[in-house]
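Novice: Would you mind keeping the following structure in view while I ask a few things?
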Amino acid sequence: MAHGLDVILDAAEMLRDRDDIVFLTAGDGAERARLQSELERRGLRNVKMLGQLPKEQMPALWSITSVSLVLLKKLDLFLTVIPSKIFETMAMKKPIILGVRGESREIVEKAGSGIGIEPENAMELAAAITALADAPEKCAAMGVAGKACVSAEFDRQVLARRFEEVLESVV
């Protein structure tokens, strides 16, 4: 419910004539049945909802995607949230379309690993998807930039060393 996934259906409807763009979702939750019904009501063939998958299948899923959507509702509650999905996406060399405000957006923009959009804005989402679909070299460059950033700044060993340095400076 926190993700506001209706925006995907709205963007998919705007892009329904683009044969090269398909939305793929994985997961389960309180909104899944309603979203599936809405998907069918609209007759959207460019959205596939897989349901919950085991964690070990996620690398295979990432391998067939071009872009990751990281979306949250437009609520002040989410200004300080950093979805872990941005780090997974960066590690898999995939660009991000981020519909989240706050620190998450700063991380993605600083890394050059994606495009920030206003949360719950289907027109911006459709425009960002189209921009990346029409520029595969830009997509690839954002993926490489994200991988470099996550390796240098957010790797657990790197973070552990930094934490150790902070602790040593305090002791």
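The numbers here are math on the coordinates, done by the rules we state, and not lab data. The shown structure was predicted, so the numbers you read here are calculated from the model rather than taken from an experiment. Here the Cβ positions follow ideal geometry from the backbone for every residue, glycine too, while neighbour counts run over all protein chains shown.
Novice: Rank the residues 68, 169 as a footprinting-exposure proxy: fewest other Cβ atoms within 10 Å of their Cβ go first.
Specialist: Lowest count first: 169, 68.
Novice: With only Lys, Arg, Asp and Glu charged, each at its Cβ (+1 for the first two, -1 for the last two), find how big the charge dipole of the chain is about the Cα centre; round to the nearest 20 debye.
Specialist: Once rounded to the nearest 20, the dipole reads 300 debye.
Novice: Along the charge dipole of the chain, pointing to its positive end and built from +1/-1 on Cβ of Lys, Arg, Asp and Glu, which listed residue (90, 44, 129) has its Cα farthest out?
Specialist: Farthest towards the positive pole: 44.
Novice: Can you give the FRET efficiency to the nearest 0.05 for residue 26 and residue 166, using r as the Cβ-Cβ distance and R₀ = 41 Å?
Specialist: Values: r = 37 Å, r/R0 = 0.90.
The pair residue 26/residue 166 has a calculated efficiency of 0.65.
Novice: Something else now. Quote the FRET efficiency, to the nearest 0.05, computed for residue 151 versus residue 34 with a Förster distance R0 of 41 Å and r equal to the Cβ-Cβ distance. Intermediate results must be reported in sequence, preceding the final value.
Specialist: On the way: r = 39 Å, r/R0 = 0.95.
Once the sixth-power term is evaluated, E becomes 0.60.
Novice: Which value results for Rg/Rh of the chain when Rg is the Cα radius of gyration and Rh the Kirkwood radius based on the inverse mean 1/r? Each step should come with its number before you reach the end.
Specialist: Values: Rg = 17.1 Å, Rh = 17.0 Å.
A ratio of 1.01.
Novice: Let me ask you something else. Based on DSSP H assignment, which helices of the chain show an axial Cα extent of at least 27 Å together with a mean Kyte-Doolittle hydropathy greater than or equal to 0.5?
Specialist: Once both thresholds are applied, nothing remains.
Novice: Please report, to one decimal in angstroms, the Kirkwood hydrodynamic radius of the range 1-100 built from all distinct Cα-Cα pairs.
Specialist: On the way: mean 1/r = 0.0689 Å⁻¹.
One decimal place: 14.5 Å for the Kirkwood radius.
Novice: Could you put 166, 171 in order, starting from the residue whose Cβ has the fewest other Cβ atoms within 10 Å? Numbers along the way, then the final one.
Specialist: Working: 166 10, 171 5.
The most exposed by this proxy come first: 171, 166.
Novice: Separate question: Can you count the Lys pairs in the chain whose Cα atoms are under 20 Å apart, with each pair 8 or more apart or on different chains?
Specialist: Close lysine pairs under the 20 Å cut-off: 20.
Novice: Continuing with the same structure: What's the center-to-center distance, using Cα atoms, between the range 14-71 and the range 133-151 in Å?
Specialist: Cα centroid to Cα centroid, the span is 21 Å.
Novice: Rounded to two decimals, what is Rg over Rh for the range 92-171 when you use alpha-carbon atoms and the Kirkwood radius?
Specialist: Using Cα coordinates only, the ratio equals 1.13.
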